[in-house]
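Pasting a structure here, questions to come.
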Amino acid sequence: MKSLFLKEINAFFGSLLGYLVLALFLVALGLIVWVFPESSVLEYGFADLEALFTYTPYVFTFLVPALSMRAIADERKTGTWELLRTSPITLVQIVLAKYLALICLVSLAVLPTLLYFFSIVQLGDPVGNLDQAGFFGSWIGLLGIGAVFAAVGLFASSLTSQQVVAFVLGVFLCFVLYFGFSAIADLQLGVWSYWSEELSLSYHYINLSRGVVDSTDIFFLLGMIWLFLGGSVLVLRNK
């Protein structure tokens, strides 16, 4: 399992695509937080990183499926999946190794955003004038959203042998989970709106961004991860 985990990491950083994806992610966030007038912290005039946590899930919707699309689809297309299945590790271990590699990549993408925190702390008047509980709650929420999207992307990759198809499916599922259910909740359909809100990733992410790490939100994220990883195992076992 450890060897497969390292293989996935090396495969990502062994190609130009891996560096390109991470670079585009960081450039996009940098432009949103510091350059674009509508969202720039410098234009806003307050020591606040709301723009970072508002727009990062939008970028994640495309970034994480791009990272995960080749995880299983490429193995099946190149014919190495059969070799992997005959190795002395179980199907569950294969899925977990690939998922942990994706989590590592998502964490590496999010980690540099801590530089924004230290920058805003220094720009505040007085220095350090920043809602730190809100920042780290939102940061933990970002990692949680990234972890769920990684499980969704892995599930999409298990459904097909075509990377492009896996990417499109991953983007669609991530979009529905984060934006779709919240849109239904806004329609005010009574009990359906209530359950749609509870199933919406954005609802639990906003709760975490308030700086209060509630066990309900954490268990929801863990449940979504378990659901899609379990779905990946079932799909691969049936195939």
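Bear in mind these aren't lab numbers, they're just calculated from the coordinates by the rules spelled out. Everything numeric in this text was worked out from a predicted model, so none of it was measured. A quick note on method: Cβ atoms are made from the backbone with ideal geometry, for glycine too, and the neighbour counts reach across all protein chains shown.
Hey, what number do you get for the chain at 222 nm if only DSSP H runs of n ≥ 4 count, each worth -39500 (n - 2.57), divided across all residues, to the nearest 500? Walk me through the numbers before you get to the answer.
Values: 14 runs with 179 residues, N = 239.
Estimated from H runs of four or more residues: -23500 deg cm²/dmol.
Moving to a separate point now. With a Förster radius of 25 Å, plug the Cβ-Cβ distance of Ala133 and Val59 into 1/(1 + (r/R0)^6) and report the FRET value to the nearest 0.05.
Numbers: r = 24 Å, r/R0 = 0.96.
Efficiency for this residue pair is about 0.55.
Relative to the compact globular guide of 2.2 N^0.38 Å, what is the alpha carbon radius of gyration of the chain, as a ratio? Don't skip to the answer; put the middle values down first.
Numbers: Rg = 18.9 Å, N = 239, 2.2 N^0.38 = 17.6 Å.
It is 1.07.
With springs only between Cα atoms under 10 Å, which of Gly137, Gly79, Gly18 fluctuates most in a Gaussian network model of the chain?
Among Gly137, Gly79, Gly18, the largest GNM mean-square fluctuation belongs to Gly79.
Using the basic label-point model (7 angstrom from Cα toward the beta carbon), what is the Val121 to Ser3 distance in nanometres?
Label-label distance for Val121 and Ser3, simple model: 4.3 nm.
Moving to a separate point now. Tally Lys/Arg at +1 and Asp/Glu at -1 over every other residue whose Cβ is under 12 Å from the Cβ of Asn207; what's the total?
Working: positive: Arg210; negative: Glu197, Glu198, Asp214, Asp217.
Combined, the nearby Lys, Arg, Asp and Glu give -3.
Enter the Cα centre distance for the pair region 200-221 and region 1-40, rounded to the nearest angstrom.
25 Å
Between Phe36 and Cys104, what is the FRET efficiency for a Förster distance of 30 Å, r being their Cβ-Cβ separation, to the nearest 0.05? The partial results should precede the final answer.
Values: r = 30 Å, r/R0 = 0.99.
Calculated value: 0.50.
Nearest 10 degrees, 0 to 90: what angle lies between the long axis of helix 16-30 and the longest principal axis of the chain (Cα atoms)?
Result, in degrees: 20.
Another question, then. Along the positive direction of the dipole of the chain (beta-carbon charges: Lys, Arg +1; Asp, Glu -1; about the Cα centre), which of Phe179, Ser209, Ala150 reaches farthest?
Ala150
So for the chain, averaging the separation of alpha carbon pairs under 8 Å that are six or more residues apart and normalising by length, what relative contact order in percent results?
24 percent
Provide the packing ranking of 230-236, 108-114, 61-67, 94-100, i.e. peptides ordered by the mean count of other C-beta atoms within 10 Å per residue, highest first.
On the way: 230-236: 17.9, 108-114: 15.7, 61-67: 23.6, 94-100: 21.6.
Per-residue Cβ counts within 10 Å, averaged per peptide and sorted highest first, yield 61-67, 94-100, 230-236, 108-114.
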